[in-house]
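A short worksheet on the structure shown next.
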Amino acid sequence: MITGGAGFIGSHVVRLFVNKYPDYNIINLDKLTYAGNLANLRDIENCPNYKFVRADICDFDEMLRIMRQHHIDGIIHLAAESHVDRSILDPFTFARTNVMGTLSLLQAAKIAWEESPEGFEGKLFYHISTDEVYGALELTHPEGTDSPFTTTASSAHHHYAFGTEFFLETTKYNPHSPYSASKAASDHFVRAYHDTYGMPTLITNCSNNYGPYQFPEKLIPLFINNIRQRKPLPVYGKGENVRDWLFVEDHARAIDLIFHKGKPAQTYNIGGFNEWKNIDLIKVIIKTVDRLLGNPEGYSDELITYVTDRKGHDMRYAIDSRKLQSELGWEPSLQFEEGIEKTVRWYLDNQDWVDNITNGDYQAYYENMYKNR
Ligand code: NAD
Ligand code: DAU
């Protein structure tokens, strides 16, 4: 069972599993909040090994019923409220879904697995978390310095780090936003279920993802869409915050590998050693969109608009993913330039997908396609 499979990352994980494992019965459990969109999965929705279930992870009785009914032996848990800006406006929803929802799923899995003949044997609760739980790193090299790390995929390219520290699996949790606080709390509950009840659990903490099907409130799809519509590009603060970007399909591949080969009770950090200052990334996006739309170079630079900073805006995230690379042999497959080009092309080629979200039509898809199945 994959929770949150109608969202951005979840839809890539569902697609990968449905296509790669015809012998698995894949259940996509999703509440279809504003962020859930079944159009993300149109290409696989009729596959015989795929089933969509609309449910709220906070509904414990329903989680237990589903666990028992489908004899679920593995859970990849992505369902969450994921947008930092929304968490600043509405922290309660984040505590409810991310903390209480994860707890209700953990407890339902525990009960269902304990009453199965093999108990916890052959079961896995895999929780998807974020690098934001580790807090923020300092920007000791604002102009960037040669990164001490590279990967084969990126070795041909110059890599920068904007500080000397990186998040390790052992870095102490220090979340700052209501979003990251709620994710940190959920991680603690997942570990507690392992340590207290012996439940096989696993956690990964990943850096910022980008790629097709990301909800267009997040930086990259928002900016691509605004450039297309010649709307202002709201850069928070001075645009100096640093994020570490990974192509979403590389995250999905890491999840597949870790689900099958990772060691229970472990934590793995996932990231591509690919730090970008927001403003530099934004310039790459503008250049790419203008080029693909046939605009002259520099045409959309005037859309950059500096706005009030995000409250409590974390300065820098940078993941050290060497444990995953050395223990399980994972590597990001795409160079960033390739990933951004692919991403911009996808949003420009799929304007209907974006427009359906911005005009609200995407939420009718469930009613039309699924409700009476
Ligand atoms: P998203 O917001 O695009 O999708 C979240 C999905 O969860 C949606 O389909 C939504 O309908 C569903 N959902 C929300 N509340 C639910 C509930 N109560 N019950 C059932 N389903 C519910 O999120 P995303 O960006 O794909 O992130 C997925 C996971 O990965 C999250 O746990 C997030 O914390 C984590 N993560 C995201 C990133 C990133 O860059 N996007 C990076 C690291 C980790
Ligand atoms: O690091 C992993 C996290 O990455 C995930 O856990 C979150 O679920 C995911 O949403 C993402 O969080 P961020 O806050 O880093 O992503 P976002 O796209 O909202 O913002 C990226 C950066 O761009 C951040 O420094 C804020 C800035 N920003 C964002 C928006 C939406 C702007 O300057 N302007 C904007 O309009």
Of all residues being of a type in the set (S, T, N, Q) and closer than 17 Å to His127 by Cβ in the range 172-207, which is most open to solvent (accessible area, probe 1.4 Å)? Just the residue, please. Thr196
Screening Glu338, Glu331 for residues that are open to solvent by 80 Å² or more (accessible area, probe 1.4 Å), under 30 Å from Ile258 (Cβ atoms) and within 20 Å of the chain's Cα centre (by Cα) leaves only Glu338
Cβ-Cβ under 9 Å pairs, at least 6 apart or on other chains, the range 87-100 side within 18 Å of Tyr193 (Cβ to Cβ), far side open to solvent by less than 40 Å² (accessible area, probe 1.4 Å) and more than 11 Å from ligand 1 (Cβ to nearest atom): Asn98/Ala185; Val99/Ala185
Scanning the range 225-235 for residues that are more than 16 Å from ligand 1 (Cβ to nearest atom) and outside any loop (DSSP other than H, G, I, E, B) gives Asn226, Ile227, Arg228, Leu233, Pro234, Val235
Looking only at the range 124-144, which residues are in a loop (DSSP other than H, G, I, E, B) and open to solvent by 10 Å² or more (accessible area, probe 1.4 Å)? Ala136, Glu138, Leu139, Thr140, His141, Pro142, Glu143, Gly144
Could you go through the range 40-51 and let me know if any residue there is open to solvent by 20 Å² or more (accessible area, probe 1.4 Å), touching a residue at least 12 places away in the same chain (Cβ under 8 Å) and closer than 18 Å to Ile128 by Cα. no
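Results for (1) away from ligand 2 (no atom under 16 Å from the Cβ); (2) open to solvent by less than 40 Å² (accessible area, probe 1.4 Å), shown as yes or no for each residue.
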{"position": "Ser11", "(1), (2)": "no, yes"}
{"position": "Lys31", "(1), (2)": "yes, no"}
{"position": "Asp61", "(1), (2)": "yes, no"}
{"position": "Ile66", "(1), (2)": "yes, yes"}
{"position": "Glu81", "(1), (2)": "no, yes"}
{"position": "Ile88", "(1), (2)": "no, no"}
{"position": "Asn98", "(1), (2)": "no, yes"}
{"position": "Gly101", "(1), (2)": "no, yes"}
Quick one: what pairs do we get from the range 310-334, first residue part of a helix (DSSP H, G or I), second open to solvent by 10 Å² or more (accessible area, probe 1.4 Å) and among the aliphatic types (A, V, I, L, M), C-beta under 7 Å, 6+ apart or different chains? Leu328/Leu257
State all residues of the range 68-87 that are in a helix (DSSP H, G or I), of a type outside the set (S, T, N, Q) and under 24 Å from the mean Cα position of the chain (by Cα); if no residue qualifies, say none. Val84, Asp85, Arg86
Would you please name the residue that is nearest to Thr267 (Cα to Cα), looking only at residues in the range 284-321 that are crowded, with 16+ Cβ neighbours inside 10 Å and basic (Lys, Arg)? Arg316
Taking the options Asn40, Asn98, name whichever one is out of contact with any strand residue (DSSP E or B) (no Cβ under 9 Å at 6 or more places or on another chain), within 9 Å of ligand 1 (Cβ to nearest atom), within 19 Å of Ala185 (Cβ to Cβ) and not hydroxyl-bearing (Ser, Thr, Tyr). Asn98
Hits in the range 13-28 - residues which are open to solvent by less than 90 Å² (accessible area, probe 1.4 Å) and either within 22 Å of the chain's Cα centre (by Cα) or at pLDDT below 95 (or both): Val13, Val14, Arg15, Leu16, Phe17, Val18, Tyr21, Ile26, Ile27, Asn28
Test each condition in (1) open to solvent by 10 Å² or more (accessible area, probe 1.4 Å); (2) out of contact with any Pro (no Cβ under 8 Å at 6 or more places or on another chain); (3) near ligand 1 (Cβ under 10 Å from one of its atoms); (4) under 19 Å from Glu132 (Cβ atoms) for Tyr213 and report the one that comes out false. (4)
Which one of the conditions (1) open to solvent by less than 10 Å² (accessible area, probe 1.4 Å); (2) touching a Pro at 6+ places or on another chain (Cβ under 7 Å); (3) part of a loop (DSSP other than H, G, I, E, B) does Gly239 fail to meet, given that it meets all the rest? (2)
Glu275 - would you say it is more than 18 Å from Ser11 (Cα to Cα), touching a residue at least 24 places away in the same chain (Cβ under 8 Å), of a type in the set (D, E, K, R) and buried (at least 22 other Cβ atoms within 10 Å of the Cβ)? yes
Can you name the number of the only condition in (1) assigned to a helix (DSSP H, G or I); (2) within 14 Å of ligand 1 (Cβ to nearest atom); (3) free of Cβ contacts under 8 Å to residues at least 60 places away in the same chain; (4) not acidic (Asp, Glu) that Asn19 fails? (2)
For Tyr299, all conditions in the list (1) under 28 Å from Leu137 (Cα atoms); (2) without any contact (Cβ under 8 Å) to a residue 60 or more places away in the chain; (3) outside any helix (DSSP H, G or I) hold save one; what is the number of the exception? (1)
Output the qualifying pairs, or none if there are none: Cβ atoms under 7 angstrom, residues six or more apart or on different chains, first residue in the range 242-263 and closer than 18 Å to Gly211 by Cβ and part of a helix (DSSP H, G or I), second residue at pLDDT below 95 and open to solvent by 40 Å² or more (accessible area, probe 1.4 Å). Asp250/Ser333
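The values are calculated or read from the model by the stated rules, or taken from the named source; none is laboratory data. In this text, all values refer to a predicted model and were calculated from it rather than measured experimentally. Here Cβ is always computed from backbone atoms with ideal geometry, including for glycine, and neighbour counts include all displayed protein chains. SASA here: full protein model, heavy atoms, side chains in, ligands and nucleic acids out. Shrake-Rupley method; radii C 1.70, N 1.55, O 1.52, S 1.80 Å.
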